[in-house]
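Notes follow the structure.
Here, each number is a calculation from the coordinates, and none is a lab measurement. As the structure is a computational prediction, the values presented were derived from the model and not from experiment. Cβ atoms come from the backbone with ideal geometry, glycine included; neighbour counts cover every protein chain shown.
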Amino acid sequence: AANSRVHIVYLGERQHDNPKLLTDSHHDLLATIVGSKELASELMVYSYRHGFSGFAAKLTESQAQKLSELPSVVRVIPNSLHKLQ
Amino acid sequence: TTRSWDFLGLPSQSPSNILHKSSMGDGVIIGVIDSGIWPESKSFNHNGLGPVPSHWKGICESGDRSNATIHCNRKIIGARRFIDGLRKEHGKPLNLSAEFLSSRDAHGHGTHTASTAAGSFVTNVSYKGLGHGTIKGGAPNARLAIYKVCWNVLEDGNALVLRCSSADVLKAFDEALHDGVDVLSLSIGSSIPLEQEVHDDIAIGSFHAVARGITVVCAAGNHGPLAETVSNTAPWIITVAASTMDRSFPTSITLGNNKTFLGQAMFTGPEIGFASLIYPELDDPTADGGCQSLSLDKTMVAGKVVLYFTRVSGSTAAIGTAITNALAAVIEAGGVGLIVAKNPSDFSVPFNEDFPCIQVDYEIGTQILFYIRSTRFPLVKLRPKTFIGKPLSVKVAYFSSRGPNSITPAILKPDIAAPGVNILAATSLRDPLWEGGYRMESGTSMSTPHVAGIVALLKAMHPNWSPAAIKSALVTTAWRNGPSGLPIFAEGSSQKLANPFDFGGGIVNPSEAADPGLVYDVGKAGYIQYLCAMDYNNSDITRVVKQNTTCPIKKPSILDMNLPSITIPNLNNPITIERSVTNVGAPESIYRATIETPFGTIVSVNPSALVFNSTVRKLDFTITISAIHRMNTGYYFGSLCWADGVHLVRIPLSVRTVFAPYDEN
């Protein structure tokens with residue numbers, strides 16, 4: 001946990017319109033990497049499910065790397081900070 | 001704001017302008033992703049507004065000092081907050097003692113931007129007497145949906161910092177797209193190095209927003225006047241630079257010999273009648289900047305105005321520090337005013353309005369110094385003034401980030417400029433600089449909601465226009481000259497005529513944008529073409545657009561993306577570029593091309609006339625550009641303009657010739 005940070009896992013346009021199913025699919029995807037649905041729920045920060053598909057989760061570098069290699073994943077992006085202008 | 005809308009040609013008194021033709025943006029929902037809102041501000045009253053638009057599906061959340069029932073109304077129709085990304089990233093608990101754990105704005109920035117975009121009418125507003133008038137937003141009848149993503153965090157050592165996490169920003173996009181906003185305004189940016197679109201949360205969120213017909217307006221950033229600093233560069237975003245307007249708040253400096261100069265200061269205190277004026281010699285005359293080297297004798301300075309020269313230059317922070325130190329020394333020694341002479345190309349740093357800290361250039365500073373040298377008892381009188389109107393030249397602001405676009409040089413950024421200097425708008429009552437609930441602020445944060453407000457007016461008038469069509473309307477009709485008719489300058493070192501890398505098409509011209517004649521539109525196919533040109537792979541593009549995509553073997557040219565600008569970063573052989581325009585004016589119209597050729601190039605357009613009728617609404621044309629000289633150059637600028645006798649549809653041309661592959665920047 002000490003080595004983990006928030007990452008955005010971007011999956012592109014929504015593959016279907018049901019937000020609940022989309023969130024379930026995000027948990028399932030994360031569970032394949034972290035080992036369990038319970039842990040996936042714990043690590044999940046947001047499920048992006050209305051305007052596009054993806055999620056934010058607290059991940060180690062190696063988990064982020066594994067996710068980025070999945071064919072359904074467009075990009076895994078480390079969380080960053082923006083500034084007001 | 002009390003002046004910028006008049007400056008932009010939208011006075012509320014005029015019944016014929018687009019403010020009235022658009023019912024002041026009624027029915028349009030502007031989403032503001034920022035630091036929240038102070039809902040009690042008079043700028044968010046809902047007097048005269050009809051019911052909440054039927055396409056609204058969002059919510060108002062209650063929270064810390066925020067009651068959805070009380071604080072949301074027919075103006076603020078949505079208010080939510082997102083902080084989980086920031087919290088989880090931080091690891092240990094965030095110190096939010098300077099925050100409200102709700103959509104309520106502790107900082108003031110979000111209240112300022114929201115009221116600039118869509119604030120209601122409030123009479124008799126000023127900031128310490130400056131900028132007095134009726135204040136309003138660009139689309140006073142548009143509705144606001146607030147998404148708070150930026151938080152005042154108290155860090156170790158008691159430093160208060162504003163943090164906006166990308167995971168939270170993206171969640172705000174996700175919800176806003178569900179909620180039914182029509183326009184999104186983000187006065188948020190990133191620093192260099194910028195990330196490619198699929199690594200950039202704002203580019204990702206805005207891509208999906210634009211795909212749903214939602215226009216996204218973003219700040220260009222405040223890293224000017226340095227080149228290649230513009231942020232939010234994705235071609236589907238409207239990227240906004242900041243300009244001054246035809247109002248300034250100088251302070252007059254009248255010397256004992258009756259000569260008067262004007263300096264830059266937002267001084268709101270009472271006039272300083274004739275007081276003694278001194279120039280303290282420095283302890284170390286070689287010290288850089290001088291200001292920091294002041295060692296002021298209290299008996300010498302008390303009750304006097306001090307003249308000062310600083311040699312610090314180039315960095316706003318460094319100049320600010322130098323002047324801050326000098327100011328502290330003068331106040332400490334009992335002085336009653338400070339005149340700082342600094343490099344004329346440097347930004348005028350705003351200071352506490354109650355104490356006169358007046359910034360002049362070296363020329364005026366030297367004249368004041370000569371006066372001090374010429375008399376035994378030099379005197380000076382300081383008096384605040386407000387100037388409004390034509391004699392003031394309009395400039396691209398010093399701080400406004402500049403192109404070229406460091407990610408995709410062939411995509412012109414910024415797109416457009418709008419007023420962003422000394423903008424008076426509502427703020428949070430937690431903002432230490434508020435005065436009656438309002439304050440002056442400067443930044444591309446302030447110019448961005450001006451454009452968002454104008455987009456709301458355009459949406460109300462033309463609900464079927466795509467985000468690309470709206471962007472085209474703004475860019476092709478923008479002002480390249482100020483109200484005086486003279487070309488617009490860009491502040492910087494040194495001041496120069498503004499070019500497309502400073503202000504895109506120019507300063508936004510809302511009335512003309514409502515009737516642009518022709519638009520350069522981009523649909524899904526155009527964005528796929530861009531993604532292919534940017535070398536994204538087929539499977540990524542297929543997922544992003546949810547459409548099976550195979551990019552052509554011959555990579556499409558970014559130059560052919562149907563944008564309202566042409567930027568060629570490396571012209572060597574003649575190149576032919578494709579564009580198409582859609583007629584949104586009178587069906588029967590003939591447009592003829594005129595070209596302002598960039599220096600050292602030959603430009604031709606084929607065909608040179610476009611004939612539209614009731615069945616032909618969209619026409620293609622090509623532009624061929626070749627270099628005359630065969631050497632590396634910097635950028636030269638020109639334009640291509642289609643005219644039908646009523647409309648002028650101008651796009652900027654920016655061309656750099658490159659014959660040897662090394663960096664000429």
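Which far-off residues, 5 or more places away or on another chain, put their amide H under 5 Å from the one on B:ALA139, with H placed in the peptide plane?
For B:ALA139, whose amide H was placed from the backbone, the distant partners under 5 Å are B:ALA118, B:GLY119.
Report, in degrees rounded to the nearest 10, the 0 to 90 angle that the Cα long axis of helix B:444-461 makes with the longest principal axis of chain B.
40
Please arrange B:SER4, B:SER16, B:SER393 by how many other C-beta atoms lie within 10 Å of their C-beta, fewest to most.
Least to most surrounded, the residues fall as B:SER16, B:SER393, B:SER4.
Taking the DSSP beta bridges in chain B as the whole, what percent of them are antiparallel, to the nearest 5?
Of the beta bridges lying entirely in chain B, close to 60 percent run antiparallel.
Among B:VAL161, B:VAL312, which comes first, second and so on when ranked by fewest other beta-carbon atoms within 10 Å? Working shown, then result.
On the way: B:VAL161 11, B:VAL312 20.
Starting with the residue having the fewest Cβ neighbours, the order is B:VAL161, B:VAL312.
With only Lys, Arg, Asp and Glu charged, each at its Cβ (+1 for the first two, -1 for the last two), find how big the charge dipole of the protein assembly as shown is about the Cα centre; round to the nearest 20 debye. Don't skip to the end; give the middle numbers.
Details: 62 positive and 62 negative charges, 225 e Å.
Computed about the Cα centre, the dipole is about 1080 debye.
Would you order B:LYS395, B:LYS259, B:LYS42, B:LYS21 from fewest to most other beta-carbon atoms within 10 Å of each residue's own beta-carbon? Walk me through the numbers on the way to the answer.
Numbers: B:LYS395 23, B:LYS259 11, B:LYS42 18, B:LYS21 15.
Least crowded to most crowded, the residues run B:LYS259, B:LYS21, B:LYS42, B:LYS395.
Rounded to whole Å, give me the distance from the Cα center of the range B:504-561 to that of the range B:1-45.
Centre-to-centre distance over Cα atoms comes out at 30 Å.
Report the paramagnetic label zone for A:GLN65: residues of the range A:1-30 whose backbone N is under 16 Å from a point 7 Å from Cα along the Cα-to-Cβ axis.
A:3-5
Which residue, chosen from B:CYS551, B:ILE628, B:LEU563, occupies the Cα position most advanced towards the positive end of the dipole of the range B:518-665, where the dipole is computed from +1 (Lys, Arg) and -1 (Asp, Glu) charges on Cβ about the Cα centre?
B:CYS551
Quick one: grab Rg to one decimal and Dmax as a whole number for the protein assembly as shown, Cα atoms only, in Å.
Cα radius of gyration and Dmax of the protein assembly as shown are 26.8, 85 Å respectively.
Just tell me how shielded B:207-213 is by partners: mean number of partner chain Cβ atoms within 10 Å of each residue's Cβ, no decimals.
Numbers: counts 4, 8, 2, 0, 3, 2, 0.
Whole-number average of other-chain Cβ neighbours for B:207-213 is 3.
How charged is the neighbourhood of B:SER206? Take every other residue with its Cβ under 10 Å from the Cβ of B:SER206, and add Lys/Arg as +1 and Asp/Glu as -1.
On the way: positive: none; negative: B:GLU197, B:ASP200, B:ASP201.
Its environment carries a net charge of -3.
Assuming 0.36 nm per residue, please report the length gained on full extension of the stretch B:ASP64 to B:LEU160 beyond their Cα-Cα distance. Walk me through the intermediate numbers first.
Working: separation 96, 0.36 × 96 = 34.56 nm, distance 1.94 nm.
So the chain would gain 32.6 nm between B:ASP64 and B:LEU160.
Each residue of the range B:505-518 in order: what ³J(HN,Hα) in whole Hz does its phi give by Karplus 6.51 cos²θ - 1.76 cosθ + 1.60, θ = phi - 60°, with x for Gly and Pro?
Rounded to whole hertz, the list is x, x, 8, 4, 10, x, 5, 5, 5, 6, 9, x, x, 10.
Binning at 5 angstrom from zero up to the longest distance, how are the C-alpha pair distances of the range B:32-156 distributed in percent?
2, 11, 20, 22, 17, 12, 8, 5, 2, 0
For chain B, what is the calculated [θ] at 222 nm in deg cm²/dmol (nearest 500), taking -39500 (n - 2.57) for each run of four or more DSSP H residues and dividing by its residue count?
Helices in chain B give a 222 nm mean residue ellipticity of -6000 deg cm²/dmol.
Can you give the average number of partner chain beta-carbon atoms within 10 Å of each beta-carbon in peptide A:68-80, as a whole number?
Numbers: counts 0, 0, 0, 2, 2, 2, 10, 11, 1, 9, 4, 11, 12.
That average works out to 5.
Which Cα, out of A:GLY35, A:ASN79, A:GLN65, lies furthest along the positive dipole direction of chain A (beta carbon charges, K/R +1, D/E -1)?
It is A:ASN79.
Whole Å is fine, so just give me how far the alpha carbon centre of the range B:186-260 lies from that of the range B:418-482.
A separation of 11 Å, based on Cα centres.
What is the angle, in °, between the Cα long axis of helix B:316-332 and the longest principal axis of the Cα atoms in chain B? Nearest 10 is fine, range 0 to 90.
For B:316-332 against chain B, the angle is about 20 degrees.
How much of the DSSP beta bridge set in the protein assembly as shown is antiparallel, as a percent to the nearest 5? Mind dumping the intermediate values first?
Working: 88 of 135 bridges.
For the protein assembly as shown, the DSSP antiparallel bridge percentage is about 65.
So if R0 is 51 Å, what FRET efficiency would B:ASN573 and A:LEU39 give, r being the distance between their Cβ atoms, rounded to the nearest 0.05? The partial results should precede the final answer.
Details: r = 57 Å, r/R0 = 1.13.
Approximately 0.35, to the nearest 0.05.
Can you grab the distance from the C-alpha centre of the range A:9-82 to the C-alpha centre of the range B:47-72, Å, no decimals?
Computed from Cα coordinates, the inter-centre distance equals 31 Å.
For A:GLY12, which sequence-distant residues (separation of 5 or more, or a different chain) have an amide H within less than 5 Å of its own amide H, given hydrogens modelled in the peptide plane?
A:SER53, A:VAL74
About the Cα centre of chain B, how large is the charge dipole given +1 on each Lys and Arg Cβ and -1 on each Asp and Glu Cβ? Please answer in debye to the nearest 20. Don't skip to the answer; put the middle values down first.
Details: 53 positive and 54 negative charges, 229 e Å.
For chain B, the charge dipole is close to 1100 debye.
Take every Cα-Cα distance within chain B, group them into 20 Å bins from 0 onward, and report for each bin the whole-number percent of pairs it holds.
18, 49, 28, 4, 0
Working from Cα positions, state the angle (0 to 90°, nearest 10) between the long axis of helix B:201-211 and the longest principal axis of chain B.
The helix B:201-211 is inclined about 40 degrees to chain B.
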